[in-house]
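As structure tokens, the structure follows; a few thoughts come after it.
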There are 2 protein chains.
Amino acid sequence: MFAELDTPSVLIDMDITENNVIKYQKYCDRNNLELRPHIKTHKIPAIAKLQLSSGAVGITCQKISEAEAMISEGGIEDILITYNILGPAKLLRLRKLADKVNLSVVADNSECIRGLSETFATASRPLPVLVECDTGSERCGVTSPEAAAVLAAEIGCLPGLTFKGLMTYPAAGQGKKIQEFLESAKFLIEDAGQSVLVVSSGGSPDMWKADMVPVATEYRIGTYVYNDRSLQSRGVCGWADCALTVLATVVSAPTKNRAIIDAGSKVLTSDLFGLTGHGHVLGQPDLKIDNLSEEHGRIISESPTGLFVGQRIRIVPNHACVVTNMLDSVILVRGKKILGLQKIPARGKVW
Amino acid sequence: MFAELDTPSVLIDMDITENNVIKYQKYCDRNNLELRPHIKTHKIPAIAKLQLSSGAVGITCQKISEAEAMISEGGIEDILITYNILGPAKLLRLRKLADKVNLSVVADNSECIRGLSETFATASRPLPVLVECDTGSERCGVTSPEAAAVLAAEIGCLPGLTFKGLMTYPAAGQGKKIQEFLESAKFLIEDAGQSVLVVSSGGSPDMWKADMVPVATEYRIGTYVYNDRSLQSRGVCGWADCALTVLATVVSAPTKNRAIIDAGSKVLTSDLFGLTGHGHVLGQPDLKIDNLSEEHGRIISESPTGLFVGQRIRIVPNHACVVTNMLDSVILVRGKKILGLQKIPARGKVW
């Protein structure tokens with residue numbers, strides 16, 4: 001299996017990737033949602049451009065450095081950074097980035113907004129800012145519609161900024177709660193005289209229920225491009241929809257019921273997402289990857305594993321996004337055909 | 001705190017690092033153990049050379065690509081690769097590596113040994129091979145002293161190879177079991193006429209109990225150079241011995257009892273090592289990092305966190321080795337003084 005490739009390697013099947021992109025674009029088109037893919041899953045400009053050419057309105061990045069990497073090749077012109085940007089170093093880079101693309105950001109606190117305003121007060125055009133709302137995931141975000149309205153007012157009256165809308169990264173399965181929060185915040189803000197141009201929701205777990213939040217105008221989504229074991233386990237996709245797999249070699253088979261592969265946490269990562277085990281061995285659901293160290297993955301099975309030293313297997317990881325952060329490049333394939341090496345320009349970008 | 005540094009950044013305190021290196025070298029000297037540090041924790045040639053100049057006999061790498069990165073600057077001449085090397089691509093690189101340094105490897109199966117033999121049959125000097133033994137960690141390794149003796153005999157009679165000794169990566173706390181396994185294997189092998197020149201044990205959790213395995217001649221250890229929360233929780237070190245910290249900024253404080261920092265799993269990783277939470281906030285033991293997403297760390301506290309947006313904190317991660325794999329460089333410091341940026345040449349090396 002892919003004998004010419006060394007292992008461990010991360011394979012991206014472009015047939016599956018293209019199918020995933022088109023299928024969800026159609027869903028968004030049907031439901032009158034603008035699609036703004038999050039590049040954190042692939043971290044590759046060429047795949048972002050595939051998403052854009054299929055109908056996406058722009059991309060989402062989490063960090064400025066990701067956005068910088070994504071525009072390095074040209075062809076990407078609209079970026080939303082869904083992160084509170086703080087501190088002089090980052091604000092300076094944000095200002096430079098805004099000269100190159102249609103940039104918008106989110107914010108959930110006054111400290112952040114004041115820094116943005118000071119930075120963009122002298123800019124030729126104001127920076128569009130969305131208010132991040134916590135609709136249940138208890139991460140960032142203002143915790144009430146009233147607080148969203150207050151922050152929107154602050155954005156509206158500070159120099160260098162323009163209020164653009166609302167954004168949430170919802171916890172899975174909370175369609176009604178999200179709708180109520182965002183609808184209420186939108187009402188309060190519009191009642192105070194500002195337009196809410198964009199209401200941006202997102203998340204792969206609820207991707208097929210995005211229509212349950214009719215107030216949303218935009219959907220941000222990352223993992224759908226490749227899919228992974230966590231989404232398969234939630235019924236969001238099937239194994240055949242998983243474009244990212246890890247090719248690994250059995251390096252040891254010390255007992256009949258245990259084998260060791262050369263993919264450990266340095267490739268698969270320790271992300272569990274509530275699952276048991278560290279990935280799904282394609283075609284061999286009886287095998288369990290029960291333990292990882294950095295360079296070893298341990299496979300166990302109640303019946304003999306049947307694995308032999310030198311054998312190759314393919315694994316669907318628990319979480320695709322974090323796997324593409326572990327290596328400098330992936331291998332693009334179509335079925336059994338190898339297309340070539342693809343660098344991951346936005347890997348390791350945390351600033 | 002380190003206002004000139006952007007966050008998240010990984011800081012390495014060289015005063016603490018040097019102290020850790022010297023302290024454990026002295027322990028090994030006292031206990032007649034040769035020290036062979038595993039570079040997987042720091043992945044930096046300069047720190048390996050610090051370990052060597054303090055008395056280490058050589059270094060340990062897990063992958064050929066790590067060894068290649070470690071010798072790129074010169075000054076490192078003795079490397080043990082503690083991994084079954086398989087397949088033509090890796091074997092070719094192994095052969096080239098053996099021309100440049102005193103190289104030895106481990107193996108736990110005949111398939112692996114036959115590949116090594118075929119590769120080194122025409123080499124100017126034989127490749128030293130240690131038999132990897134599973135003394136209780138249930139990862140790689142032959143599972144009985146008798147199997148170790150059989151594999152040692154096979155190494156001894158195959159062209160291109162020379163049997164060097166025994167190696168184990170023990171489970172924590174199994175001193176007596178390791179001693180019995182290795183002593184028995186050594187007896188069987190020597191009884192059959194081969195010398196066991198090296199008996200290599202290792203692991204940071206039992207670093208201060210290495211003397212409980214008197215059959216061992218060598219100790220391999222990685223994490224001790226920086227230490228981390230997992231070792232502190234086992235009583236192996238104190239917080240003041242932790243050389244690696246993550247500098248992070250509070251980017252959101254949505255409620256009194258919750259704050260969000262800009263260090264998520266892309267820096268801290270999801271490694272738990274049986275611990276609750278994702279790191280220790282230095283000086284604030286009441287704060288718990290209870291949840292990570294890629295770019296967000298969530299801090300909660302039963303009483304108000306006291307954290308404000310823009311505030312900086314330092315975190316001792318659960319597992320130091322995996323953190324240095326996430327970024328291209330670390331910041332070297334001594335106390336509050338910044339020494340400069342240090343690239344991590346052996347980051348991301350999985351081949």
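Quick note: the coordinates plus some simple rules give every number you see, no bench work behind them. As the structure is a computational prediction, the values presented were derived from the model and not from experiment. FYI the Cβ positions are ideal-geometry reconstructions off the backbone, even for glycines, and counts take in every protein chain you see.
General remarks:
- In chain B, the DSSP beta bridges split such that about 45 percent are antiparallel, to the nearest 5.
- With Cα atoms, 0 to 90° folded angle of helix A:145-157 axis to chain A main axis: 60
- Residue ranges B:91-99, B:207-215, A:138-146, A:256-264 sort as A:256-264, A:138-146, B:207-215, B:91-99 when ordered by packing (mean number of other C-beta atoms within 10 Å per residue, highest first).
- Cβ-defined net charge surrounding A:Cys140, 11 Å radius [Lys, Arg +1; Asp, Glu -1]: -3
- Cα-based helix-to-principal-axis angle, A:175-191 vs chain A, degrees rounded to 10: 20
- Test item: B:129-138 mean partner chain Cβ contacts at 10 Å: 2
- Label 7 Å beyond Cα on the Cβ vector: B:Asn257 copy-to-copy distances, nm: 4.4
- Shape category assigned to region B:15-226 from the gyration tensor of Cα positions, a/c cut at 1.5: oblate
- Region B:210-283-region B:304-351 distance, computed between alpha-carbon centres (Å): 11
- Computed from Cα atoms, the angle from the helix B:14-30 axis to the main principal axis of chain B rounds to 30 degrees.
- The Cβ shell under 13 Å around A:Leu339 holds other residues with a net charge of -1, Lys and Arg each +1, Asp and Glu each -1.
- By Cβ position, the chain B residue that hugs the axis carrying B onto A most closely, with its distance in whole Å, is B:Ser270, 2.
- Around A:Thr7: net Lys/Arg minus Asp/Glu count, Cβ-Cβ under 14 Å: +3
- Considering only alpha-carbon pairs that sit under 8 angstrom and 6 or more positions apart, the relative contact order computed for chain A is 20 percent.
- Value at 222 nm in deg cm²/dmol, rounded to 500, when DSSP H runs of n ≥ 4 in the protein assembly as shown each add -39,500 (n - 2.57): -8000 deg cm²/dmol
- Taking label points 7 Å from Cα along the Cα-to-Cβ direction, A:Glu146 and A:Asn257 give a separation of 6.0 nm.
- Note on B:Lys23/B:Ala3: beta-carbon distance plugged into 1/(1 + (r/R0)^6) with R0 of 30 Å gives a FRET efficiency of 0.40.
- Extension reserve of the A:Asp290-A:Lys100 stretch, reckoned as 0.36 nm per residue once the Cα distance is removed: 63.7 nm
- Highest mobility in the GNM of chain A, judged by mean-square fluctuation with C-alpha springs under 10 Å and restricted to A:Gly136, A:Gly222, A:Gly283, is found for A:Gly283.
- With a threshold of 27 Å on the Cα-Cα distance, the over-threshold entries among B:Lys40/B:Lys209; A:Lys23/A:Lys349; B:Lys96/B:Lys343; B:Lys26/B:Lys100 are A:Lys23/A:Lys349; B:Lys26/B:Lys100.
- Exposure proxy order (Cβ contacts within 10 Å, fewest to most) of B:Leu275, B:Leu52, B:Leu166, B:Leu247: B:Leu275, B:Leu52, B:Leu247, B:Leu166
- Label zone at B:Leu341 (point 7 Å along Cα-to-Cβ), backbone N below 11 Å, region B:5-25: B:6
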